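The values are calculated or read from the model by the stated rules, or taken from the named source; none is laboratory data. Just so you know, these numbers come straight off a predicted model, no measurement behind them. Reconstructed Cβ throughout: ideal geometry from the backbone, glycine too, with neighbour counts over all protein chains shown.
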Amino acid sequence: MIFSRDLLIVIAFALLIASAVGGFNYWRKYQEHKLDEVARTVYLYEKGVLSRQEAAEKIKDSPYMLYFLILTGENFREIVERVKDPELRKFFLERTAYELYRDGKHREALEKLEGITREDFNYPSALLLKAVIYESLGESETARELYGKLSASYRDSYFGRVAYARLLSLESP
């Protein structure tokens, strides 16, 4: 026998590894190609070559869909409902709360902010917004408490410094 059994096993194993690596590379290139197509579709829409409907159909269920919806002026609050990633959802939740605050819907904004907890990446900015809302509502004591909590916990951050400045402005006559 020209080939020994061990040599055949090594060759089969090498072929299996090569196939797996090749398959993985093919899949990765395919995914990159699909994202390139979607990016090109968004670009063509921005340039006016494609209509909104044509572009939306081509990028449906892609990572660019949220960007496209924002770009086309979709209702921001409706976009939030489509976000599935929990971290990204917290960002959009805070953004929605800000819009509600800006529109004078302070209590609704506070309800939205309840969904952001200490474990979330945007907790300091959400807490600052919450304090600003309470200050706008004339609930200075609650605002002071939140500003104090924020300035103590995040002393060396932008949000901590802003909270400290707001706290000082509430305490001065």
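Some points to look at:
- So Ala165, is it assigned to a helix (DSSP H, G or I) and within 30 Å of Ser62 (Cα to Cα): no
- Yes/no for Ala163 being small (Gly, Ala, Ser), surrounded by 15 or more Cβ atoms within 10 Å (Cβ to Cβ) and over 21 Å from the mean Cα position of the chain (by Cα): yes
Conditions (1) closer than 18 Å to Glu74 by Cα; (2) surrounded by 13 or more Cβ atoms within 10 Å (Cβ to Cβ); (3) in contact with a helix residue (DSSP H, G or I) (Cβ under 9 Å, 6 or more places away or on another chain); (4) assigned by TED's automatic domain parsing to the domain that holds Tyr67, marked per residue:
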residue	(1), (2), (3), (4)
Phe13	no, no, no, yes
Leu16	no, no, no, yes
Val21	no, no, no, yes
Tyr26	no, no, no, yes
Tyr30	no, no, no, yes
Tyr45	yes, yes, yes, yes
Ser51	yes, no, yes, yes
Ala55	yes, yes, yes, yes
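- Of the residues contained in segment 118-132, none is found to be β-branched (Val, Ile, Thr), over 24 Å from Ser169 (Cα atoms) and surrounded by 13 or more Cβ atoms within 10 Å (Cβ to Cβ).
- In segment 57-71, the residue that is farthest from Glu99 (Cα to Cα) out of those that are modelled with pLDDT of 75 or more and surrounded by 12 or more Cβ atoms within 10 Å (Cβ to Cβ) is Lys58.
- Residue that is farthest from Asn122 (Cα to Cα) [pool: residues in segment 73-89 that are at pLDDT below 75 and exposed (fewer than 12 other Cβ atoms within 10 Å of the Cβ)]: Gly73
- Considering segment 1-36, the residues that are of a type in the set (Lys, Arg) and within 22 Å of Asp61 (Cβ to Cβ) include one that is farthest from the chain's Cα centre (by Cα), namely Lys29.
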